[in-house]
Amino acid sequence: MPPASLDAIIIGAGFAGMYQLLTLRDRLGLHVHLLEAASGVGGTWFWNRYPGARCDSESHSYCYGFSKELLEEWEWSERYPEQPEILRYLNHVADRFDLRRNISFNTRVTACTYDEAANLWHVTTATGETHSARYLITAVGCLSSANIPNIPGLEDFQGQWYHTGEWPHDGVDFTGKRVGQIGTGSTGIQAVPVIAETAAHLTVFQRTANYSVPAHNAPLTREFKNWVKTSHAEIRAVMKSTPNGHPFTIADRKVADVSPEEREALYEAAWAKGGLQFRATFQDLLVNRQANDTAADFLKRKIRGTVKDPKTAEILSDIDHPYAAKRPPIDSHYFETFNRPNVELVDLRAAPIERITQTGIKTTDAEYNLDIIVFATGFDAMTGPLFRLNLTGRDGLKLTDAWRAGPETWLGLGVPGFPNLFTITGPGSPSVLCNMPVCIEQHVDWITDCIAHMRAHGQTTIEAQPEAALKWSDAVDAAANATLLPEAGHSWYLGANVPGKPRRFMPYAGGMAHYRNICNDITAKNYEGFTLA
Ligand code: NA7
């Protein structure tokens, strides 16, 4: 139970909320409380327990950097950490910094209302309690509102069904079962090889074919672990300098700078190395369609070279968007899995799903009998988790109304009409285009410094100015339009995966390093674009 008088309420106990709690409580000495719907810490990593769930950022970069001691004492076991290991890490952080005493678990926030007269946020929970505080900080993640498509007949299905982002804690036993998986995004591509190992039969329902690069995941060697332990400063310096916050730099060369033979050799080397770094082989892959086509062609050839059945290979490699214009997946034997006798691919472009029946999934040209359906169908990204909080700002303004035509924020951190609300990795932040902990730590430090500044200057309200938010929306559009990212017309970056959602490119694509400079500049200009009173 939080104390009656609070300076700040934080919602969400993932990477963002936990660090925000620590900074406000231990650096600024504020009375802070964190409300969390789950029964434990972890956010994304609490909920996403599906088979094969692991992070696509390399483990030594997917962690907090604020504490040298924490960096030095934690040792990751694999190149790409699996969900249970990340959850262990976040639990370790919660214990090490004694965070749990300021967290209420099993507490879902149902409404947040700004009270102008008192200059307080009132936060109501599903248990019927209301807590009040001056500052409200959302740390609800970008991918926490499951998207379960509205396919007719789901209620008739007699088997079991699960969404990957709300996976049962005691797991799902696929042994001997006929499983159908809808969705081939990053999640689906991770799940397929693992489900196929135990299921009697796995049917993969693919709407949009996707690229994937091998992760080449493996246990980390003692040598690598020792190098990490002694190299945090240089690793962090690279992460801070790059657009995506990863521990590798993007090559200086352009595709046209090298001969076709050299290009092929570079792609082969990048393929052998694996991971998201493939995207960094040339500097113009995300801005020049011709350059991108060379990578796309290479990756399609790899699919055709891996998948033995020509028809399956054709459906998997018939990709309609530039490489990395949608979030590029990395995998562990995804395409190879289609060579197993118990795995089948269904092309929903040729024959869409008509309905779910009592016994399975019916497409326009066949019926598939299933015991279990796995929805790897993604999330109502970025705005979805915020809308679920039922936020009401100044003069009764609802966030859902303010953002009817798409989100408007100043830097992804503040929303006009919503004083003293900070949105960690809100729309307009680099967020999902960056290695998340890097972006989160920058946001949290910025918010903490801002609140410290306000307290030092006797200020009690901060509110993003509408003109600043409009200007930032233009900057977000311009940054996206300078790349090939908007060419994937069906991506969740654009909100296109949720019917009825306004199409607007939501994350800031101008790069994390550039964004950090913009934020620092705004601080130096006395919080330009915010009204402080
Ligand atoms: P994504 O990337 O949104 O992928 C969802 C997948 O589900 C994608 O293949 C969709 O096809 C498919 N989908 C969604 N709705 C349907 C319906 N109605 N019918 C058939 N197929 C459908 O979500 P993920 O969970 O894989 O990844 C989200 C992020 O989490 C990831 O990028 C990482 O950042 C971590 P579509 O492409 O829309 O045709």
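The values are calculated or read from the model by the stated rules, or taken from the named source; none is laboratory data. Since the structure is predicted, the reported quantities are computational estimates derived from the model, not experimental observations. So basically every Cβ, Gly included, is an ideal-geometry build from the backbone, and we count neighbours across all protein chains shown. When the accessible area is computed, the model is the full protein with side chains, heavy atoms only, and any ligands, DNA or RNA have been set aside. Shrake-Rupley method; radii C 1.70, N 1.55, O 1.52, S 1.80 Å.
Quick look at the numbers
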item	result
Å² per residue, accessible surface of the stretch 376-498 at 1.4 Å	31
Sequence-separation-based contact order of the stretch 350-481, relative, with Cα cut under 8 Å and 6+ spacing, percent	19
Relative contact order %, the chain, counting alpha carbon pairs below 8 Å whose residues are six or more apart	19
Dimensionless Rg over Rh [the stretch 65-219; C-alpha; Kirkwood]	1.04
Gain on full stretching of the segment that runs from ASN369 to LYS471 - 0.36 nm per residue minus C-alpha separation	31.5 nm
Surface accessible to a 1.4 Å probe, per residue, for the residues of the stretch 153-210, Å²	39
The chain - share of DSSP beta bridges that are antiparallel (%, nearest 5)	40
Gain upon complete extension [ALA38, PHE66; 0.36 nm per residue less C-alpha separation]	7.6 nm
Selection of trypsin sites (Lys or Arg not before Pro), the stretch 259-342, meeting DSSP coil and at most 16 other Cβ within 10 Å	LYS308
Per residue accessible area of the stretch 291-361, 1.4 Å probe, in Å²	43
Segment SER5-GLU155, extension gain: residue separation times 0.36 nm, minus the distance between their alpha carbons	49.5 nm
Spin-label pair ASN226/GLU268, simplified geometry with 7 Å Cα→Cβ offset, distance in nm	3.3
log₁₀ of I(q)/I(0) at q = 0.06, 0.07 Å⁻¹ - the chain, Debye sum with one point per alpha carbon	-0.29, -0.39
FRET efficiency, ALA456 to ARG404 (Cβ-Cβ, R0 30 Å, nearest 0.05)	0.20
Euclidean distance between Cα centres, the stretch 387-429 to the stretch 437-497, Å	11
Ranked packing of 388-395, 405-412, most packed first, by mean Cβ within 10 Å	405-412, 388-395
Protein accessible area in the chain, 1.4 Å probe - carbon and sulfur %	50
Entries of LYS273/LYS300; LYS229/LYS326; LYS311/LYS362; LYS300/LYS501; LYS302/LYS326 with Cα pairs more than 29 Å apart	LYS229/LYS326; LYS300/LYS501
